[in-house]
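Notes for the one structure printed next.
The values are calculated or read from the model by the stated rules, or taken from the named source; none is laboratory data. It should be emphasised that the depicted structure is a prediction, and the values quoted were computed from it without experimental measurement. A quick note on method: Cβ atoms are made from the backbone with ideal geometry, for glycine too, and the neighbour counts reach across all protein chains shown.
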Amino acid sequence: MTTTSDVESPPEPELARRGSFGLGDRVFSGIALAAGLTILVTLAAVFVFLAIKGAPGFSADTEVYGPSATDFWGYVGPLIYGTILAAVIALLIAVPFSFALALFISHYAPRRIAAPVAYVIDLLAAVPSVVFGLWGARSLAVASQPVQRWLGDHLGWLPFFAGPPSSTGRTILVAGVVLAIMCIPIITAISREVFAQTPRLHEEAALALGATRWEMIRYAVFPHSRSGMVAAVMLGLGRALGETMAVAMVLSATPIVTLNLISSTNPATIASNIASKYNAEDTRIQTVLLATGLVLFLFTFLVNFAARYIVGRRERKLK
């Protein structure tokens with residue numbers, strides 16, 4: 001009769017028997033720790049630099065802020081509004097397209113089609129922003145003029161399309177479209193990978209219960225991928241908030257607050273305002289621009305912190 005003591009116990013894992021990590025594991029752990037600390041130190045250094053160099057910009061002389069403002073917050077307020085407006089337009093366009101593309105690649109398209117489409121979408125992320133800016137200013141702005149005139153003629157009763165339409169087509173609406181195209185590769189790539197991680201058994205169970213493919217995606221894929229979808233959108237938002245050259249090349253902007261998306265008077269973003277004025281000879285203007293950069297840095301950090309909190313809260317509920 002075989003007793004418990006006669007049964008051979010399974011071999012212990014290599015790391016458990018040795019009681020410590022191997023040399024390769026220690027090297028990898030050290031490199032990963034150093035990389036993480038480098039990122040934190042870099043972010044802290046950027047914050048300290050902006051805080052020290054931009055501190056005088058919060059209390060500069062009144063004439064430094066120009067004719068449209070008398071203090072710093074009156075100067076940066078319209079810029080924050082323009083930054084948020086351009087980012088919201090970009091996300092309203094990019095998010096549905098990105099999720100649709102990701103679903104097409106991961107669940108609808110045959111493999112021979114999905115792979116080339118994914119490859120082309122990923123290549124868009126490698127295109128420099130100045131190329132998008134040139135395309136938006138020289139091509140898209142001109143091609144969109146009939147559309148903007150149609151919006152002004154037929155939807156002019158809305159404050160967004162009150163007009164009169166810009167004669168050049170270089171409006172905040174076009175800038176938002178350019179930003180959307182720049183955000184699509186990031187959101188699509190992350191969403192595609194998240195959708196593909198849905199357990200196959202969940203999808204097959206939904207289909208076995210009689211669900212259509214869309215119902216399977218709605219009730220199995222989306223709930224499992226929700227935190228990843230939020231993270232993808234937030235990364236796209238970060239790209240839209242911090243984009244500089246593309247917006248600066250498309251817009252002929254002024255620091256105003258308006259809902260009109262198709263007029264020749266457009267709100268400026270913080271990043272594009274810095275790019276267009278940083279070569280000013282007056283050092284006081286440069287300190288004001290550094291102060292606005294600090295505001296953008298903190299605003300972006302808070303947005304990403306809020307996104308991480310939402311994702312973490314969702315993950316905690318699922319446990």
Based on what the data block shows, is D61 out of contact with any strand residue (DSSP E or B) (no Cβ under 9 Å at 6 or more places or on another chain), surrounded by 11 or more Cβ atoms within 10 Å (Cβ to Cβ) and among the acidic types (D, E)?
no
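On the given criteria, is I274 among the hydrophobic types (A, V, I, L, M, F, W, C) and surrounded by fewer than 21 Cβ atoms within 10 Å (Cβ to Cβ)?
Details: among the hydrophobic types (A, V, I, L, M, F, W, C): yes; surrounded by fewer than 21 Cβ atoms within 10 Å (Cβ to Cβ): yes.
Yes.
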Do you know which residues across segment 133-166 are more than 20 Å from V257 (Cβ to Cβ) and of a type in the set (S, T, Y)?
S139, S144
From D71, D61, grab the single residue that is farther than 14 Å from I262 by Cβ, among the charged types (D, E, K, R) and touching a residue at least 60 places away in the same chain (Cβ under 8 Å).
D61
Qualifying positions in segment 114-159 - in contact (Cβ under 8 Å) with a residue 60 or more places away in the chain and farther than 18 Å from L179 by Cα
A118, L151, G152, P159
Would you say A211 is surrounded by 21 or more Cβ atoms within 10 Å (Cβ to Cβ), aliphatic (A, V, I, L, M) and modelled with pLDDT under 85?
no
If you scan segment 255-303, which residues turn out to be part of a loop (DSSP other than H, G, I, E, B) and either touching a residue at least 60 places away in the same chain (Cβ under 8 Å) or within 12 Å of G57 (Cβ to Cβ) (or both)?
P255, I256, V257, L259, N260, L261, I262, S263, S264, A268, T269, D282
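Residue by residue, here is whether (1) assigned to a helix (DSSP H, G or I); (2) among the hydrophobic types (A, V, I, L, M, F, W, C); (3) over 30 Å from F299 (Cβ atoms) holds:
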residue	(1), (2), (3)
L179	yes, yes, no
T188	yes, no, no
S191	yes, no, no
V194	yes, yes, no
T198	no, no, yes
H202	yes, no, yes
A206	yes, yes, yes
W214	yes, yes, yes
V233	yes, yes, no
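Restricting to segment 188-208, count the residues that are of a type in the set (S, T, N, Q) and surrounded by fewer than 18 Cβ atoms within 10 Å (Cβ to Cβ). Don't jump to the end; show me each part of the working.
Just the residues of segment 188-208 that are of a type in the set (S, T, N, Q), to begin with: 188, 191, 197-198.
Next, from what is left, pick out any that are surrounded by fewer than 18 Cβ atoms within 10 Å (Cβ to Cβ): 197.
Residues that pass the stated criteria total 1.
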Checking L140 against (1) farther than 30 Å from P267 by Cβ; (2) of a type in the set (A, V, I, L, M); (3) surrounded by 13 or more Cβ atoms within 10 Å (Cβ to Cβ), only one condition comes out false. Which one?
(1)
Identify the single condition in (1) farther than 21 Å from A90 by Cβ; (2) in a loop (DSSP other than H, G, I, E, B) that G169 does not satisfy, given that it satisfies every other one.
(1)
